[in-house]
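**Q** Sharing a structure here in structure tokens format.
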Amino acid sequence: MISPTQFKAGIVIKYNNRLYTILSYQHVKPGKGPAYYRTKLKGLDNDAVIENTFRSDEKIETAFIDEKKLTYLYSDGDMYHFMDQESYEQVPLSKDMCQNIADFMPEETEITASIANNKIISVSLPNFVNLSVAKAEPGARGDTAKSTASKNVTVETGANIMVPNFINEGDKIRIDTRTSEYAGKAK
């Protein structure tokens with residue numbers, strides 16, 4: 001249990017029997033009456049953002065978030081199948097749960113699953129992944145006047161990203177999964 005004076009962005013709390021991440025908070029001291037905290041909370045089960053106020057003397061339950069490493073195996077259309085690296089059990093996750101990571105997740109990619117109350121609440125990729133370029137148009141000749149000469153390519157997972165003109169089909173590139181941008185050639 002914590003009080004609102006201990007709020008920090010990113011803390012997961014239990015409020016109205018649901019889990020929320022604190023996006024932002026603000027201490028308010030009105031001229032009359034006790035101080036309170038105005039917060040923006042993001043639901044972990046539905047991504048809805050709500051605003052709420054807490055009195056500074058309230059006690060709020062924090063949620064314990066555990067992390068587990070999973071390896072992506074395959075997709076059968078509606079579900080993505082992963083293997084728990086500790087127990088070797090297969091864990092199916094819905095397409096909705098994986099929509100933010102599916103573009104940069106080739107088979108055998110290691111992901112991190114956040115677990116609360118024995119339920120997976122979110123999944124995330126490593127910050128950088130290496131993927132090969134499946135389809136690339138040749139760069140336009142003479143299109144180097146700008147320092148940002150770039151073209152669109154399709155990587156092995158089917159995602160399209162912008163890369164410099166010198167990237168060709170079959171090259172391995174490094175992608176920043178937080179921004180979905182080219183981060184360099186893979187070594």
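The values are calculated or read from the model by the stated rules, or taken from the named source; none is laboratory data. What you are looking at is a predicted structure, and each value in this text was computed from that prediction instead of being measured. So basically every Cβ, Gly included, is an ideal-geometry build from the backbone, and we count neighbours across all protein chains shown.
**Q** What's the number of the condition Val153 fails, among (1) surrounded by 15 or more Cβ atoms within 10 Å (Cβ to Cβ); (2) at pLDDT 80 or above; (3) farther than 11 Å from Glu169 by Cα?
**A** (3)
**Q** Right, something else. Can you tell me how many residues in segment 87-112 are assigned to a loop (DSSP other than H, G, I, E, B) and more than 22 Å from Asn127 (Cα to Cα)?
**A** Count: 3.
**Q** Same structure, new question: Going by what's in this entry, would Phe128 be described as surrounded by 14 or more Cβ atoms within 10 Å (Cβ to Cβ) and either modelled with pLDDT under 85 or on the phi < 0 side of the Ramachandran plot (or both)?
**A** Yes.
**Q** Separate question: Criterion first (at pLDDT below 85 and not assigned by TED's automatic domain parsing to the domain that holds Thr112) does Gly31 satisfy it?
**A** Against the criterion (at pLDDT below 85 and not assigned by TED's automatic domain parsing to the domain that holds Thr112), Gly31 does not qualify.
**Q** Output the number of the condition that Lys68 fails; it satisfies all remaining conditions of (1) of a type in the set (Lys, Arg); (2) surrounded by fewer than 12 Cβ atoms within 10 Å (Cβ to Cβ); (3) within 19 Å of the chain's Cα centre (by Cα).
**A** Here Lys68 clears every test but (2).
**Q** Mind listing just one residue for me: the one in segment 104-123 that is modelled with pLDDT of 85 or more and hydroxyl-bearing (Ser, Thr, Tyr) and, of those, surrounded by the fewest Cβ atoms within 10 Å (Cβ to Cβ)?
**A** Only one residue fits best here, namely Thr112.
**Q** Against the definition (outside the structural domain of Asp96 (by TED's automatic domain parsing), under 19 Å from the mean Cα position of the chain (by Cα) and either surrounded by 11 or more Cβ atoms within 10 Å (Cβ to Cβ) or assigned to a strand (DSSP E or B) (or both)), how does Lys42 come out, yes or no?
**A** For Lys42, the condition - outside the structural domain of Asp96 (by TED's automatic domain parsing), under 19 Å from the mean Cα position of the chain (by Cα) and either surrounded by 11 or more Cβ atoms within 10 Å (Cβ to Cβ) or assigned to a strand (DSSP E or B) (or both) - is met.
**Q** Would it be correct to say that Phe82 is at pLDDT 90 or above and within 19 Å of the chain's Cα centre (by Cα)?
**A** yes
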